[in-house]
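Working notes for the structure below.
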């Protein structure tokens, strides 16, 4: 028998990019008025070094629970300490009040910590984007670990749904919803070109490259060399480039230090963080995305955008022929950029991650499945 009580969801967010996928879900909750929620804010959001993005979250909601700030250091031990401190911080919260659900996204260290805490307090976990494959780092194992702890699974594509079934998860717990961020794109979320040109001092009648390159957890010591090769290619071509800071995976400082060497290059601009609508507007208007960000695989298909995906970080994700996979070699990067800028615009559909109606699917699925006793008792389906 389903519970008649109004469910309370705690959304947990520790990463800049992850929160943008929560925004359309929060909007749908506000429209339906059938669910209460709070947002637990942690990790990178609280760091001035990465742009203190908690300030942007406050623009979307005032229902916040702010965890104790954890000092960010460019070490593996620091990322591990984030797991333990997240468990400790959430334990204090859950001892006072337990939500109906904890809603998690992705595969970060702090997300694993949150999952462990909720599991021990018998709080059902909703996991967004489990089953995805990224065989180029520790994110893969972290994501699958969270999936085995989680009680409801919301996947970005049907292959991921099948992957979770192969982990022994019961079919009724899994729902393919697509990429929630695409909901934003279908609802006039973008800034006009004139605003973007003025804000970033760029000319959108000329090529614009958006650069997002992270360190790779299996190749931390190679981070400097990898970004050096990327910047070497860009310096040869000198097209307008806007770069974003990497996430806080070990090796991030090497990337940022290399960016600092380009501070006097007129064609190159770097930002700690971009407001969500500004970021997606830049993504839409850019000529191509360069680097190894998941948004190159996940969201660029919606825009029929060309992507140069570097190295192994996103290895395993499904994509179409708008994505070109290259090694970290400046000559090949420069050659491919030049080649892409001569290509005609993409006409065929290259999006594999939904149609922009994920949030409605998510809310309906949650409202059908909020019997806590049934959710907590998991069975391994053979």
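The values are calculated or read from the model by the stated rules, or taken from the named source; none is laboratory data. As the structure is a prediction and not an experimental result, all values here were calculated from the model. Cβ atoms come from the backbone with ideal geometry, glycine included; neighbour counts cover every protein chain shown.
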Residue count, region 91-108 (criterion: more than 13 Å from the chain's Cα centre (by Cα) and either buried (at least 24 other Cβ atoms within 10 Å of the Cβ) or not assigned by TED's automatic domain parsing to the domain that holds residue 179 (or both)): 3
Output for region 198-230, where each listed residue is free of Cβ contacts under 8 Å to residues at least 40 places away in the same chain and either buried (at least 19 other Cβ atoms within 10 Å of the Cβ) or assigned to a strand (DSSP E or B) (or both): 223, 227
Residue count, region 48-76 (criterion: part of a helix (DSSP H, G or I) and modelled with pLDDT of 90 or more): 7
Flag for residue 94 being assigned to a loop (DSSP other than H, G, I, E, B), out of contact with any strand residue (DSSP E or B) (no Cβ under 6 Å at 6 or more places or on another chain) and more than 20 Å from residue 179 (Cβ to Cβ): no
Tally, over region 243-282, of residues that are in a helix (DSSP H, G or I) and under 19 Å from residue 205 (Cα atoms): 5
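Yes/no matrix, rows are residues, columns are (1) surrounded by fewer than 24 Cβ atoms within 10 Å (Cβ to Cβ); (2) within 18 Å of residue 314 (Cβ to Cβ):
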residue: 122; (1), (2): yes, no
residue: 130; (1), (2): no, yes
residue: 135; (1), (2): yes, yes
residue: 156; (1), (2): no, yes
residue: 161; (1), (2): yes, no
residue: 166; (1), (2): yes, no
residue: 170; (1), (2): yes, no
residue: 173; (1), (2): yes, no
residue: 185; (1), (2): yes, no
Test result for residue 333, outside the structural domain of residue 288 (by TED's automatic domain parsing), in contact with a strand residue (DSSP E or B) (Cβ under 8 Å, 6 or more places away or on another chain) and closer than 30 Å to residue 138 by Cα: no
Residue among 288, 367, 375, 310 that alone is touching a strand residue (DSSP E or B) at 6+ places or on another chain (Cβ under 6 Å) and either farther than 25 Å from residue 190 by Cα or in the same structural domain as residue 170 (by TED's automatic domain parsing) (or both): 310
Selection within region 231-242 - without any contact (Cβ under 8 Å) to a residue 40 or more places away in the chain, assigned to a helix (DSSP H, G or I) and over 16 Å from residue 260 (Cβ atoms): none
Residue 136 being part of a loop (DSSP other than H, G, I, E, B) and modelled with pLDDT under 95: yes
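For (1) touching a helix residue (DSSP H, G or I) at 6+ places or on another chain (Cβ under 7 Å); (2) more than 19 Å from residue 128 (Cα to Cα), each residue gets a yes or a no:
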| site | (1), (2) |
| --- | --- |
| 335 | no, yes |
| 356 | yes, no |
| 364 | no, no |
| 367 | no, no |
| 378 | no, no |
Selection from region 283-323 of residues that are assigned to a loop (DSSP other than H, G, I, E, B) and at positive phi: 304, 311, 316
Any hit, region 156-178, residues being touching a helix residue (DSSP H, G or I) at 6+ places or on another chain (Cβ under 8 Å), under 20 Å from residue 370 (Cα atoms), assigned to a loop (DSSP other than H, G, I, E, B) and touching a residue at least 12 places away in the same chain (Cβ under 8 Å): yes
Residue satisfying all of: in region 36-45; in contact with a helix residue (DSSP H, G or I) (Cβ under 9 Å, 6 or more places away or on another chain) and either surrounded by fewer than 20 Cβ atoms within 10 Å (Cβ to Cβ) or under 19 Å from residue 279 (Cα atoms) (or both); modelled with the highest pLDDT among these: 36
Residues satisfying the stated conditions in region 324-365, i.e. over 25 Å from the mean Cα position of the chain (by Cα) and not in a loop (DSSP other than H, G, I, E, B): 330, 331, 332, 334, 335, 336, 338, 339, 340, 341
